[in-house]
Amino acid sequence: MTDVYVVDDHAMLRDGLAVVLRAAGHHVVGESGDPTVALAEIQRLAPQVLLLDLHLGQRSGFELLTELQRRKVEVQTIVLTMSELPRHVAEAMRLGAMGYMLKGAPSAELLQAIEAVASGRRYLGGVVADLAVQGLTAGDDATALGKLSARERQMAELVVRGKSSAQIGTLLHLSPKTVDSYRSRLMAKLGVADVPALVRFSIRTGLIDADER
Amino acid sequence: MKSSHLVLPSGLPTDDRRPWYARLAAAWRRRLPGRGTPQGGNDAETFYAAMCQAHPQAMWIYDLATLRFLQVNDAAIAQYGYSRDEFLQMSILHVRPDPEPLHPPPTAAPSAACIWEHVCKDGRRLEVDVQGCDLVFQGRAARMVLLRDVSAEQQLKRELAAAMAAEAQAHADLQQVMDRISDGFMALDAQGRFTHANQRAAQLLGLPGGTVLVGRSLDTLRPTPGVSMLADRVATALRHQRPSHCEQRLAADGPWCELRVFPSDRGVTIHLSDVSAQRRAREALRQSERQFRLLAERLPAIIYRAPADATAPCTYISPAIRQLGYTPMQWASGAGPNWAQSLHPDDRMRVADELRTLHATGGELHMNYRLRDHKGQWRHYIDHARAVAQPDGRIEVQGVMVEVTELRRTEQALREAEACQRGLFEAMAEGVLLFDAGQRIVESNTAMTGLSGYAQAELMRMTVPELLRSTEGAAGQYPAEAEMRHKDGHLVPVEISQRPVREGFSVLVLRDVTERRRAEQAVREHKSELTELTERLLAQERETTRYIAQTLHEQVGQQLTVARLRLDATATMHADAMTDALHLECRQLARSLDQAMGEVRSVLHALRPALLEEQGLVAALDNEVRTRSIDPARADVLLELDEDDLGLRWPADVEYAAFMIAREAIVDAQQRSGCTLVRVVLSGDAHSLQLEVIDDGQPAAQVLPAAPLGHLGLVGMRERAVAIGARFEVQYDPVCGRTATLLWLKGKQ
């Protein structure tokens, strides 16, 4: 049995969750639609798991996550939200959330998530896993490479070959600023932080030969 | 000849000297022995006294020291009017008022003659030739003086000198006059010697400057052709005693001279004048006359001279008469039809009257008439005729006939054209004004009367500025639109078309645009209403979208979530009691709920730009661009902005409109062929926003592809821009591609 605190601005949803959680043997120690109230109660009640919606009327679940992280509150948070934005997934993970689930997911999945995070493991819903990949990493090399457009591939090759933005711009009839935007975009898509990483990726995926450089 | 011892009366004829000698001898004989002179003089003294006394001319002897008279003779007494005693009481200063003589002596010798002015007792003044000699008389140093009255002689001399001076002056004046005249003048005596000649004469003869002719004869001059010719002329004139004249060049390079020779029995007088200018003028006149005749012969006008009788043949007719098909000979000889016969019957009476008036009053006359040519065609002429009285008293008509047939035809055509134009002028629906340089209305059409309310006569008394309320018409140039004052006082908006028609005149065409103004106002109002409606629609759309999104998110999504949770809970709690069919039904219901939830999310994504409200335009565009770039098969989409602009926020409606425009532009670009890259360039600050969506796709076809569901395409973009008071434009460049630009400036709506 796990002590769970529910934060959602919809009372009806909180009731539904409570029913499901209780039915599964969990203990709903508290619930709230207001982050401020929730923060105080979480600190006071010390639940093991927090089910948190990101959209709380005029306020955001990220506020509560930020505050919990700042205050180092020991609670495993599962974000339960309608948002499937990769940026939200990534942001939630960055702020210490252990799970991310979309509303409407099967109750069994929710219960699995509570069990997982309660035992200190991360849990991402089936769809959310893809979003997390988009938001945080590029996934495996082949998949990442497949997401590059023809010009992004061309740009990656030229960057790896040591061409400057100005040189690439001249070659491709683009402005240096556009080349910079391209460079940032493709590195984000590939999940590489800098040019050496991009070089390693390119060699690894056969985008260029090791001898070419 | 004077002698210091014996003074003889000079100027007397030898025979007249005899009585004087006799008187001198008698005086000498009457001398008494021992009587001597009062001062004990000697014989010489006695002789001097006797001689003085006996001399027929006035003589006296005076003391050189006191100048007092010592002795005077009878002639002196008679000449001066003083008695002897009076003389002996006087000194010579009494009779000699001036201390200096009138004519001093040529030498300083005492006996040298000089002329003094003496005064007689009665005041007469005498000019006296005085000669004297010094002697000793009565024991004193004295001078014996012989006095001769030369007053008359001196007067004659003076008159002679004056006469000679006058003659010399007259001669000099004559010479000056002769030298001043521009013509040459010479006078020669019968022997061929020049008695008079001026400098011009020598010059015209080609003689060197300064040559003096007077006193010389012709044969002594240098034999130039001019001199030779002159000698021949002089000889001929003297021989025949007849005046002659000729024009001759007297020097090789000299001017042409008119030489006039007037002989007399004492010689010849020759007058030479330079006639080069006259000759040139005559030659020019002759040339001019030739040219005039040539011109007259070639003029298309017919020049004629004719007697007063119009039926008589012309005395002269120029070749231009051929334009009627006749030769000058036919017309002048009477062989062909004459002028009177060729006149148009309708013109005959009038022209005859005009000719009679011309003959009666003289002067000039301009006649218009028609003449029939040899083909029977009527030709129009203007005849500038003049009555000229001949020396024999006859009246002759001289004139120039100018054919104006084409002019008449043109005038007729012009009248017809004017009538046509007038018809058009009057038929025009627009008001038309013709005004002069002073902007006075000189003509108007019927439509103008209707438009302005003024009668045409009233308009004729007005100026354009009085009619049009325009401050720009001062210089005669009116704006394209103005307001016209109707007679009843109300203002009529008019459209103006202005055009100059001829020097100083312009035409104004005025069109009443009241209805058009109303229509334009209505269009403006409708456009404003449309814009307002668009704004409201877009606001409504945004509100509706927000409401739907909120409903989907807050209500439907939550309800579906709850439903799913409850379904799962129910199925779990009652799993044992449920039949298989019910389990299947629960699973199908769960799938339906999942599907509905997925659709709700999809719609939410389309309706509510992610991150726009919570993180702003930059984050939303970044998310949108990333989302649109996931598919590598589609055109790349890049967001370009400065790092400084990352945190910028703008008003919610501006961010929403900018986002929706960017989304529309990206979708539109990705749909067009050839598009490989879409750049979203965002810049601005708190007071402005500029969004450019630049793509390299082909320009859109004329028929735009249907916008995807939920997208309004370019029209929607423009309307969204208008709704926030921003400027939106789309430009296409073959090199740079298409650029959709949104520019929003705070407070510039």
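Starting from residues that are in a strand (DSSP E or B) and away from every other protein chain (no Cβ under 14 Å), keep the ones in the stretch A:53-77 and report whichever is surrounded by the most Cβ atoms within 10 Å (Cβ to Cβ). Out of the qualifying residues, it is A:Thr77.
Looking at the stretch A:51-106 only, could you name the residues that are hydrophobic (A, V, I, L, M, F, W, C) and free of Cβ contacts under 8 Å to residues at least 12 places away in the same chain?
As a first pass, look at the stretch A:51-106 and keep what is hydrophobic (A, V, I, L, M, F, W, C): A:51-52, A:54, A:56, A:62, A:64-65, A:68, A:73, A:75, A:78-80, A:82, A:85, A:89-90, A:92-93, A:95, A:97-98, A:101-102, A:105.
Across the stretch A:51-106, there are no qualifying residues.
Please verify whether B:Val212 is aliphatic (A, V, I, L, M) and open to solvent by 80 Å² or more (accessible area, probe 1.4 Å), treating the condition exactly as stated. Here the answer is yes, as B:Val212 does meet what is asked. With respect to (1) in contact (Cβ under 8 Å) with a residue 40 or more places away in the chain; (2) β-branched (Val, Ile, Thr); (3) within 11 Å of chain A (Cβ to nearest Cβ), the lone exception for B:Thr561 is condition (1).
Yes/no matrix, rows are residues, columns are (1) modelled with pLDDT under 90; (2) aromatic (Phe, Trp, Tyr); (3) in a loop (DSSP other than H, G, I, E, B); (4) surrounded by fewer than 16 Cβ atoms within 10 Å (Cβ to Cβ):
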site: B:Ala413; (1), (2), (3), (4): no, no, no, yes
site: B:Glu418; (1), (2), (3), (4): yes, no, no, yes
site: B:Ile441; (1), (2), (3), (4): no, no, no, no
site: B:Tyr454; (1), (2), (3), (4): no, yes, yes, no
site: B:Leu459; (1), (2), (3), (4): no, no, no, no
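Would you confirm whether any residue within the stretch B:553-565 is loosely packed, with under 13 Cβ neighbours inside 10 Å and more than 25 Å from B:Glu614 (Cβ to Cβ)? No; the residues of the stretch B:553-565 include none that is loosely packed, with under 13 Cβ neighbours inside 10 Å and more than 25 Å from B:Glu614 (Cβ to Cβ).
Any residue that is at pLDDT 80 or above, more than 25 Å from B:Gly737 (Cα to Cα) and in contact with a Pro (Cβ under 8 Å, 6 or more places away or on another chain) - is there at least one of those in the stretch B:570-588? No, the stretch B:570-588 has no match at all.
Considering every residue within the stretch B:585-592, establish whether at least one is facing chain A (nearest Cβ under 8 Å) and either among the charged types (D, E, K, R) or under 60 Å from the mean Cα position of the chain (by Cα) (or both). No, the stretch B:585-592 contains no residue that is facing chain A (nearest Cβ under 8 Å) and either among the charged types (D, E, K, R) or under 60 Å from the mean Cα position of the chain (by Cα) (or both).
Within the stretch B:613-640, the residues that satisfy the criterion of being within 28 Å of B:Arg564 (Cβ to Cβ) and surrounded by 15 or more Cβ atoms within 10 Å (Cβ to Cβ) are B:Asn623, B:Thr627. Taken over the stretch B:498-536, residues that are touching a residue at least 60 places away in the same chain (Cβ under 8 Å) and either among the charged types (D, E, K, R) or within 30 Å of B:Gly598 (Cα to Cα) (or both) amount to 3.
Considering the stretch B:242-269, the residues that are in contact (Cβ under 8 Å) with a residue 24 or more places away in the chain and part of a loop (DSSP other than H, G, I, E, B) include one that is nearest to B:Asp183 (Cα to Cα), namely B:Pro255.
The residue that is nearest to the other protein chains (Cβ to nearest Cβ), counting only those in the stretch A:78-103 that are open to solvent by 10 Å² or more (accessible area, probe 1.4 Å) and among the small types (Gly, Ala, Ser), is A:Ser83. Residues in the stretch B:606-634 that are facing chain A (nearest Cβ under 8 Å) and touching a Gly at 6+ places or on another chain (Cβ under 9 Å): B:Pro632 only. Restricting attention to the stretch B:498-511, the residues that are exposed (fewer than 14 other Cβ atoms within 10 Å of the Cβ) and either at pLDDT 85 or above or over 17 Å from B:Phe425 (Cα atoms) (or both) add up to 5.
Matching residues to (1) in contact (Cβ under 8 Å) with a residue 60 or more places away in the chain; (2) over 27 Å from B:Ala44 (Cα atoms); (3) part of a helix (DSSP H, G or I):
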{"site": "B:Gly123", "(1), (2), (3)": "no, yes, no"}
{"site": "B:Cys133", "(1), (2), (3)": "yes, no, no"}
{"site": "B:Leu146", "(1), (2), (3)": "yes, no, no"}
{"site": "B:Gln155", "(1), (2), (3)": "no, yes, yes"}
{"site": "B:Ala166", "(1), (2), (3)": "no, yes, yes"}
{"site": "B:Asp173", "(1), (2), (3)": "no, yes, yes"}
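Being more than 30 Å from B:Ile302 (Cα to Cα), free of Cβ contacts under 8 Å to residues at least 24 places away in the same chain, open to solvent by less than 60 Å² (accessible area, probe 1.4 Å) and in a loop (DSSP other than H, G, I, E, B), is that true of even one residue in the stretch B:424-433? The answer is no; no qualifying residue exists.
How many residues does the stretch A:78-116 hold that are in a helix (DSSP H, G or I) and more than 10 Å from the chain's Cα centre (by Cα)? Give the derivation first.
Keep residues of the stretch A:78-116 that are in a helix (DSSP H, G or I), which gives A:86-94, A:107-116.
Subsequent filtering for residues that are more than 10 Å from the chain's Cα centre (by Cα) retains A:107-116.
Residues flagged as in a helix (DSSP H, G or I) and more than 10 Å from the chain's Cα centre (by Cα) within the stretch A:78-116 amount to 10.
Looking across A:Val79, A:Val73, one residue alone is of a type in the set (Val, Ile, Thr) and under 28 Å from B:Val625 (Cβ atoms). It is A:Val79.
When the stretch B:184-209 is limited to residues that are of a type in the set (S, T, N, Q) and under 17 Å from B:His271 (Cα atoms), the one that is least open to solvent (accessible area, probe 1.4 Å) turns out to be B:Asn198.
The values are calculated or read from the model by the stated rules, or taken from the named source; none is laboratory data. Source: prediction; values computed, not measured. We place every Cβ from the backbone using ideal geometry, glycine too, and count neighbours over all the protein chains shown. When the accessible area is computed, the model is the full protein with side chains, heavy atoms only, and any ligands, DNA or RNA have been set aside. Shrake-Rupley method; radii C 1.70, N 1.55, O 1.52, S 1.80 Å.
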